[in-house]
Amino acid sequence: MRVMRKKWDIGLIAVLLLLSLIPEGIFMATGRQMNTGSTYAVVQVNGETYKTIPLSEHRGTDTFVIQTKEGYNRVVVRDQEIGITEADCPDKICISEGFISKPGEMAVCLPHKVMIEVRSNDSAEPDVIPAH
């Protein structure tokens, strides 16, 4: 069997290929716009807000210690990221989480009931983790 291709078949295939790339282009364009909002970190101790730190505008390194009756956590804000660098909890999982900087990321020390969450001021940004 011999298949005959006409010039319109090749044109149709080219148009369909171009149309299939449109969703990727839209996703890339809107993905860049989602990062325009400013970010900040909310530090909570025992469910209460302890401190709010703007991350987008932060430059340099700042350190503070959270002292609770369960123990202490040393928190470092380095440029536009935040993390727990020292703690006297038995498992030290909070230290191994490293520095966080993107909205939705969290660092938690369960024994001391300390939670750090990065949030965004951009109200148009949905509270989801992007898949791309």
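The numbers here are math on the coordinates, done by the rules we state, and not lab data. This structure is a prediction, so every number in the text was calculated from the model and none was measured. All Cβ positions, glycine included, derive from the backbone under ideal geometry; neighbour counts span all protein chains shown.
Between rounded, prolate and oblate, where does the stretch 34-83 land on the alpha carbon gyration tensor, with a ≥ b ≥ c its root eigenvalues, rounded for a/c under 1.5, else prolate if a/b exceeds b/c?
The shape class here is oblate.
Tell me, what is the FRET efficiency for Ile22 and Glu97 to the nearest 0.05, using R0 = 41 angstrom and their Cβ-Cβ distance as r?
Here the calculated transfer efficiency is 0.60.
Can you spot the lysines whose alpha carbon is less than 29 Å from Lys69's alpha carbon? Ignore those fewer than 8 places along the same chain.
Lys51, Lys92, Lys113
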